[in-house]
Amino acid sequence: MLFALLLIPIVAAIAIFLGSPSRITALAAALANIIVAAFAITQGSCSVSFQVLENPNINLSLGLYDGMSVIMLILSVLVTLAAVYSGKCPEGREKLWFSSTLLIAAGAIGAFLATDVFFFYAFHELALIPTFLMIGMLGRGDRKAAAWKITIYLATGSIILLAGLLLAMGHLDSFAFSDLKAIPAEHQNTVALLLIIGFGTLVSLFPLHSWAAPAYACAPAPVSMLHAGVLKKFGLYGILRIGMEVAPEGMAHWLPWICVLLLGNIIWVGLVTLNQKRLDLMLGNSSVMHMGYIFLAIAALAANGDNEIAKPAAVLLMFAHGISIALLFSLSAMLEEKTGTLEIAQLGGLAKKAPAFAFLFGLAGMASIGLPGLANFAGEVMVFFAGFADWSPKDGLGWVQITTIIALWGVVLSAVYMLRAFRNIFQGPLVKKTSDACDICSCDVIPAYLLSAVLLIVGIYPQLILQFL
Amino acid sequence: MNPWLLFIIPFASAAIIQLGLKRSAMASSLLSTLSVVATFVIACTLLGSDQSDSWTWVKAGSFELNIGYNLDQLATGMMIVVTGIGMLVHIFSLGYMKTDSAKARYFGCLSMFMFSMTGIVLASNFAMMFIFWELVGLSSYLLIGHWYHKDTAADAAKKAFLSNRIGDFGFMIGILMLWRITGTVVFADMDGSALGNVCSCLAGAAILLTFCGAVGKSAQLPLHIWLPDAMEGPTPVSALIHAATMVAAGVYMMARLFLSLGVTPENVEILSYAPQVIAWTGGITSLVAALMATQQNDIKKILAYSTLSQLGYMVMAVGLIAPEAGMFHLYTHAWFKALLFLGSGAVIYACHHEQDIWKMGGLLKKMPVTAITFLVGTLALTAVPFTAGFYSKEEILYAAKGTPLFYLAAFVALLTTFYMLRLFIVAFLGKPREHGAKEAKEVAPIMSLPLILLAIMAFAAPHISQIFPVPTEWGFHFKILPDLNSSVFWTSIGVFVTGAVAAFVVYSGKDKDPINIPLFRNKFYLDEIYQKLITICQDAVAAIIHLLDEFLIGVLLVGGATRSAQGVGNIFRRFAQNGSLSNYAYLMALGSVLVIYFTVFA
Amino acid sequence: MFEILPSLNEYLFASGLLFAIGLAGVIIRRNIIVIFMCLEMMLAAASLTLVAFSRFNMVGGLPDYDGQMLVFFIITVAAAEVAVGLAIIVSLYRARQTVNTDDLTSLRG
């Protein structure tokens, strides 16, 4: 069952490469994946495993290890479907386009399903190759530079991560998640540092974030959707799953640094986002910025491993952010198709011409700035509660509380840039570029409606997602 | 009646309009109006009941946030205000927005607003209140930006949302601090004595940060700038959201907070320095706004500043630990301010969207119903005895008695009389000055009916004590007959007469404003100052940070890493990778020798 | 019969000398054929070591023949390698008209 989740996109990618009709195959695979995933989740625990190497003991084992895997799986299959549907493939490149998209999805699904550190890592690497190809060959703008940048950055991060993982594994019985436990205290600090840098690079933790925005801006829509929406969560998932397990004290040791860096994400990158003139760069930077909130939950968890709110908050926000940023990238690709530009200053009054599109974009934008009723708010508000959960009012404010307070200002910043963009693109009088744009036809935006519906439903009733934890 | 219906009906109405009825303006306006009538009826049946119910919204371990309602006199009374005025505004809108091209969207947003406002009023805990707090912000954003193709409307909408966000920044911190101090976010479980257990600076800070939310939503200084701009929205929206209900939510929230914490004048020291700050914020806002109002020419702007000023009054009352007076003023003010706004809407409608009072004139004869109801509203706002405004303002003055704020409040009352009568004299008396006013005629009954009902409420409101949004715990009693021996009564009469005489002397029969005070006319230049501040503090800093980001991280860090890798590579290329076969052989041999040395001998 | 057998050290010394000469030739000489021959010399040195070790490593009164077996392999493989290597050199000469390593620098980075 779980192998099917992994095999369907891979087989479909091979089939596309061998000449089966690309778009249809890809869509069918994505749909099949959703159905299989739904089955697997409702059926409950079903895990498979077979040994690849005896010494070191490496197993290819897949399973829904716990609620976090379930939630990430839901996120992956949903975004995959939307990603396959989105964007406009250049003539004649369908094979590469759709098979790469499916392979990225397979890598992401594999990483979240793996219950073994080795394959958890390996699947993520698998997804990087098609990402590189897609950005480098089918991207826009300065695509070569962006492709190299993201690949070198992520590969370097992965190597550092590997060093940390190997160092930790030296003290553990096997690579299986179930065998993860705290390693001897004297090694925790080093391991935690390596894991923070390694996973941090993959999540674009400040100041290792400069790959993200240009890569997302240059990448074709499906890649930015899958990467920003799903693959990037790999690092956070890894910290929560591995970092917190093997080196809890080490994470606590680096807490002040995590706090400072996450504020770098929220405030520094937030201000950078404010100054962006192009929508795609703005969205790319905003996705970097929002990683800071998830790190805030991680910081709260590092400060006190018994913090009950922090982990659900982080996972919920990961889910919500994945959906909302994928939706935004999908819509921004549509916007470029319609008007031929993403320069915010060149647009205006589009809501008059494309009200349905404006509604969708407004919904996604509002979700990303944390409007209640949409999923991101539930995540963010839980993160803030997590930040204060350990505070005893008799003492002064701790690191996490001060960080939470400063981080809250980010909510204002993100409202500023998102509303500015919305106002300049959709409101005001019509301008040249928008005067002959047409509204979306409803078949184009089925995935957008799907993602919006998810945002709304989870926003109104977050327990739907949280129940898995 | 199940109180959940109060949430479900408007939400369903908004959802149906958005999803299905977008193209049918008539159906959506009727649906929206019917939904609000239904909620009004339900709200009436729920008067005086004290039920509560909730469901889990998020749950993580032992931590839970709930969505639930909690009915008490404060909530049910407030619901009557919200749904009652909401209903009249919906009816008025049927006429006012008859020809609007986006009528469906307008009514959808109104339903959305009714839903969100219900949430604030009935919220059983702070987290839920925050949720709906932001949602009313959204509805307000959407409705201010209803005519989004106008730059001014789009900018005003954005400004309103962002100012509120700044307030919510503090509000959220306040909620978090109160959560840890009192151990809960649920109103019913809060215990004020916990505030006494922590250091007084922290307790005061928690209250003040929570108050930040009210500063944003109720447009107190220094976040008041959005409310006058919000008048870009359709006038019925201004009446409902930006005069009667949403802007008063800040006051309601503070009252709810004080009620939950059990704050009374006796144990006020648990709040530390917070009440003084709150009272003075309100007082200064009311003064500054009243001064600004005296020099405005746009009929809606005058009313907007008077709303600011009255909200300042209410906040001041809350700060003086007289939340019952604040809530009472909120209640009476809601009716007559909605009346004034709808009246101005009728005037604007009749004068072909002319808003400058100096271009009106003589409207008393052209549209008598509107004019008389408007006069009733004016009298109530200026606190003429036996009108609703008189009683509530009296209560606030009593609360302020003995503090410097009393003189400030009295002076504001004088200014209120002055600018409201200025508005009435210039717009309704004299002769029509321009084309629009000459052609004005009485509005359709669907618009004048709400005016008449509201005018009745401007007198009747203080006599229906069942619907006062004032909790019984506060033991609020007021006397219908004024106390002729009290100095407060005579001060109040005195300032009214002075203001009225001044207004008549200055403005009777004038065709242009004889007074010109640029400072007041230009709103103390606060908008310009903020503009500069934002440009410097935010945009310039953002630009600098962006530059630094590109330079420090992009060029120095990343570029540096690339260049150093390249440099090292170049060194090796020059020495090792020079293409000479014998060199390679030599290096390889050297390597083998080293390997042998290290494995065998080291 | 009285004979003085050379000891293991002498064999190793000779083979080390051979290897060093070969290595020096590979590094110093410029003619690729000479380099190739020097390479063969190094191979021969290695073979010599193996035979010597084999001869002096007595197992149950007999030399350990494993080393000598390996030498046969080396000789066979070396023959094949010479064939391939010379073929490469010939085609290289055809292509570049030179066998001087100073002129063959297309590996420069």
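What to note about this one:
- Boolean, B:LEU88 is surrounded by 23 or more Cβ atoms within 10 Å (Cβ to Cβ) and either modelled with pLDDT under 90 or not in a helix (DSSP H, G or I) (or both): no
- Test for A:GLY264: is it within 14 Å of chain B (Cβ to nearest Cβ), closer than 25 Å to A:THR434 by Cα and either of a type outside the set (A, V, I, L, M, F, W, C) or not in a helix (DSSP H, G or I) (or both): no
- When restricted to residues that are closer than 13 Å to B:ALA274 by Cα and touching a strand residue (DSSP E or B) at 6+ places or on another chain (Cβ under 8 Å), region B:176-210 contains 0.
- Subset of region B:48-76 [in contact (Cβ under 8 Å) with a residue 12 or more places away in the chain, in contact with a helix residue (DSSP H, G or I) (Cβ under 8 Å, 6 or more places away or on another chain) and polar (S, T, N, Q)]: B:SER49, B:SER52, B:ASN66, B:ASN70, B:GLN73, B:THR76
Per-residue answers, yes or no, for (1) loosely packed, with under 15 Cβ neighbours inside 10 Å; (2) within 12 Å of chain A (Cβ to nearest Cβ):
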site	(1), (2)
B:LEU30	no, no
B:LEU34	yes, no
B:ASN66	no, yes
B:ALA75	no, no
B:LEU94	no, no
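- Here B:ALA156 meets each of (1) at pLDDT below 90; (2) more than 10 Å from chain A (Cβ to nearest Cβ); (3) part of a helix (DSSP H, G or I); (4) out of contact with any Ser or Thr (no Cβ under 9 Å at 6 or more places or on another chain) with one exception, condition (1).
- Number of the condition not met by A:GLU308 [criteria: (1) farther than 26 Å from A:PHE388 by Cα; (2) surrounded by fewer than 24 Cβ atoms within 10 Å (Cβ to Cβ); (3) among the acidic types (Asp, Glu)]: (1)
- Elements of type helices (runs of 4 or more DSSP H) contained in region B:522-602, each with 2 or more residues being within 12 Å of chain C (Cβ to nearest Cβ) and surrounded by 11 or more Cβ atoms within 10 Å (Cβ to Cβ): B:560-575, B:581-596
- Residue that is farthest from A:LYS338 (Cα to Cα) [pool: residues in region A:425-439 that are under 32 Å from the mean Cα position of the chain (by Cα) and crowded, with 21+ Cβ neighbours inside 10 Å]: A:GLN427
- Residue match in region B:440-454 (condition: within 17 Å of B:VAL82 (Cα to Cα) and at pLDDT below 85): no
- Residue match in region A:329-341 (condition: over 24 Å from B:GLY61 (Cα atoms), among the aromatic types (Phe, Trp, Tyr) and within 12 Å of chain B (Cβ to nearest Cβ)): no
- Comparison of B:SER193, B:SER140 shows that the only residue that is polar (S, T, N, Q), closer than 30 Å to A:ILE425 by Cβ and either more than 8 Å from chain A (Cβ to nearest Cβ) or without any contact (Cβ under 8 Å) to a residue 12 or more places away in the chain (or both) is B:SER140.
- When residues of region C:61-109 are limited to those that are within 14 Å of another protein chain (Cβ to nearest Cβ) and of a type in the set (Gly, Ala, Ser), the one farthest from the chain's Cα centre (by Cα): C:GLY109
- Within region A:410-424, if we keep just the residues that are farther than 17 Å from A:ALA358 by Cα and more than 7 Å from chain B (Cβ to nearest Cβ), the residue that is surrounded by the most Cβ atoms within 10 Å (Cβ to Cβ) turns out to be A:GLY410.
- So A:ALA146, is it within 14 Å of chain B (Cβ to nearest Cβ) and either without any contact (Cβ under 8 Å) to a residue 60 or more places away in the chain or assigned to a helix (DSSP H, G or I) (or both): yes
- In region B:288-373, counting only helices (runs of 4 or more DSSP H) that sit wholly within it, the ones holding 2 or more residues that are under 19 Å from B:PHE390 (Cα atoms), modelled with pLDDT of 90 or more and of a type in the set (A, V, I, L, M, F, W, C) span B:299-319, B:323-350.
- Close pairs (9 angstrom Cβ cut-off, 6 or more residues apart or separate chains): closer than 15 Å to B:VAL495 by Cα in region B:394-412, charged (D, E, K, R) and surrounded by 19 or more Cβ atoms within 10 Å (Cβ to Cβ) anywhere: B:ALA409/B:LYS393
- Test: residue in region A:397-407 that is in contact (Cβ under 8 Å) with a residue 24 or more places away in the chain, within 8 Å of chain B (Cβ to nearest Cβ), within 30 Å of A:ALA252 (Cβ to Cβ) and under 23 Å from the mean Cα position of the chain (by Cα): yes
- Selection status of B:LEU65, in contact with a Phe, Trp or Tyr (Cβ under 6 Å, 6 or more places away or on another chain) and not in a helix (DSSP H, G or I): yes
- Residues that are over 29 Å from B:GLY250 (Cα atoms) and among the small types (Gly, Ala, Ser) within region B:325-362 comprise B:ALA350, B:GLY361, B:GLY362, listed in sequence order.
- B:ASP100 falls short on exactly one of the conditions (1) closer than 30 Å to B:GLY345 by Cα; (2) part of a helix (DSSP H, G or I); (3) not basic (Lys, Arg), and that condition is (2).
- Some residue of region B:484-492 being in contact with a Lys or Arg (Cβ under 9 Å, 6 or more places away or on another chain), at pLDDT 85 or above, under 28 Å from B:ALA338 (Cβ atoms) and not in a loop (DSSP other than H, G, I, E, B): yes
- Of all residues making up region B:168-207, the number that are closer than 21 Å to A:GLY398 by Cβ, not in a loop (DSSP other than H, G, I, E, B) and not charged (D, E, K, R): 22
- Within region A:359-392, the set of residues being at the interface with chain B (Cβ under 8 Å from one of its Cβ atoms), in a loop (DSSP other than H, G, I, E, B) and either surrounded by fewer than 22 Cβ atoms within 10 Å (Cβ to Cβ) or in contact (Cβ under 8 Å) with a residue 40 or more places away in the chain (or both) comprises A:PRO372, A:GLY373, A:ALA389, A:TRP391, A:SER392.
- Test: residue in region C:46-69 that is of a type in the set (A, V, I, L, M) and within 18 Å of B:MET588 (Cα to Cα): yes
The values are calculated or read from the model by the stated rules, or taken from the named source; none is laboratory data. Here the structure is a predicted model, which means the values were calculated and not measured. So basically every Cβ, Gly included, is an ideal-geometry build from the backbone, and we count neighbours across all protein chains shown.
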